[in-house]
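Some notes on the structure that comes next.
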Amino acid sequence: MPLLVPAVLPRMAPELALQVCRGRSVIQTEQLASYSATTVIRAQLPDTAQSGEYEVQRHYMAPRTLEFKAVRFTGDAFIKTNVITRLLQSEVDHVQKDDPALNAISLTNYKFSYKGRSQIQGRLVHVYQLKPREKRAGLFKGRIYVDAYTGSLVRAEGRPVRSPSLFIKKIDFVQDYADIGRFTFPVHIHSEASARIVGRAIVDIYQRDYQPVANTLADTSVAARWVPAL
């Protein structure tokens, strides 16, 4: 019986990897009908030594439906009300009101410059600097890291060019991604923000148990809501 050797993908040139990454994003927007996932948000306020952890079930349906169902919360109630709930509500508002194309990692929205190769958790990645073409909410200035063999987005990091809400004065983030079937989803985001009411806030969001559905089964009813249950 012949020995089967796994196929090894060729390493992509930086221009090709970026092109594949942008193409995957467009395809995902067109093909993703819905998904569900478990989201855990851990937030802390260093100035007041307050913290909290909120677990919710997330459900998205294209094009503008995003729902959260609370599972459990532990920690300070102030964190729940003034940090995590505000964060979730702003995400619902973003899905309901914003056009995904206006925030996409595309040539329309960004100028790209190649910064070389690096390693992230054993993966060879191409690194690109992003400069927004205009100062519009939803865009950021920073870097993306793209798998050199698959063209998948591995990490994005930087600072939004405009604050995502009046509640936040400035925010820096690092967001890691993983491939789930044919789609790419965020699995962890670490952010440090300066907020108007609470001061410095550190937030980690973990997402797991993704269950994506392709658009052949899509229900595209237009709605967005936050469903508190605790």
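Look through the stretch 207-226, keep the residues that are modelled with pLDDT of 80 or more and open to solvent by 80 Å² or more (accessible area, probe 1.4 Å), and return whichever of them is nearest to Arg64 (Cα to Cα). If you could, list the steps in order and put the result at the bottom.
Residues of the stretch 207-226 that are modelled with pLDDT of 80 or more, as a first pass: 207-215.
Filter again for open to solvent by 80 Å² or more (accessible area, probe 1.4 Å), leaving 208-209, 211.
On the way: Arg208: 21, Asp209: 21, Gln211: 18 Å.
That would be Gln211.
Give the residue, chosen from Phe173, Phe185, that is of a type in the set (A, V, I, L, M, F, W, C), within 20 Å of Gly23 (Cα to Cα) and modelled with pLDDT of 95 or more.
On the way: Phe173 fails: within 20 Å of Gly23 (Cα to Cα).
Exactly one of Phe173, Phe185 is of a type in the set (A, V, I, L, M, F, W, C), within 20 Å of Gly23 (Cα to Cα) and modelled with pLDDT of 95 or more, namely Phe185.
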Result of the Cβ filter at 7 Å on the stretch 46-68, keeping first residues that are over 18 Å from Arg86 (Cα atoms) and partners that are outside any loop (DSSP other than H, G, I, E, B) and of a type in the set (Val, Ile, Thr), at least 6 apart or interchain, is Pro46/Ile202; Arg64/Val95
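Name the one entry in Val154, Val187 that is in a strand (DSSP E or B), without any contact (Cβ under 8 Å) to a residue 60 or more places away in the chain and either closer than 21 Å to Gly116 by Cβ or open to solvent by 50 Å² or more (accessible area, probe 1.4 Å) (or both). I'd like the intermediate steps shown before the answer.
Details: Val187 fails: either closer than 21 Å to Gly116 by Cβ or open to solvent by 50 Å² or more (accessible area, probe 1.4 Å) (or both).
From the options Val154, Val187, the qualifying one is Val154.
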- Message: One residue is enough: does the stretch 65-77 have a residue meeting the conditions exposed (fewer than 14 other Cβ atoms within 10 Å of the Cβ) and part of a loop (DSSP other than H, G, I, E, B)?
- Response: no
Cβ pairs under 7 Å, 6+ apart or interchain, first in the stretch 207-224 and outside any strand (DSSP E or B) and among the polar types (S, T, N, Q), second open to solvent by 50 Å² or more (accessible area, probe 1.4 Å) and modelled with pLDDT of 50 or more, ordered by first then second residue, are Asn215/Gln31; Thr220/Pro63
Inside the stretch 28-37, the number of residues satisfying the requirement of being more than 17 Å from Asp99 (Cβ to Cβ) and open to solvent by 10 Å² or more (accessible area, probe 1.4 Å) is 4
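Output the residue which, of all residues in the stretch 87-131 that are among the small types (Gly, Ala, Ser) and part of a strand (DSSP E or B), is least open to solvent (accessible area, probe 1.4 Å). Working first, answer last.
At the first step, the residues of the stretch 87-131 found to be among the small types (Gly, Ala, Ser) are 90, 101, 104, 106, 113, 116, 118, 122.
Those left that are additionally part of a strand (DSSP E or B): 113, 116, 118.
Values: Ser113: 44, Gly116: 19, Ser118: 45 Å².
Restricting to residues being among the small types (Gly, Ala, Ser) and part of a strand (DSSP E or B), the top hit is Gly116.
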Out of (1) free of Cβ contacts under 8 Å to residues at least 24 places away in the same chain; (2) open to solvent by 30 Å² or more (accessible area, probe 1.4 Å), the one Val161 does not meet is (1)
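The values are calculated or read from the model by the stated rules, or taken from the named source; none is laboratory data. Every value quoted in this text rests on a predicted model; they were computed, and no experiment measured them. Don't worry about glycine lacking a Cβ; one is built from the backbone with ideal geometry, like all the others, and counts go over all protein chains shown. Surface accessibility is based on the protein's heavy atoms, side chains included, excluding ligands, DNA and RNA. Shrake-Rupley method; radii C 1.70, N 1.55, O 1.52, S 1.80 Å.
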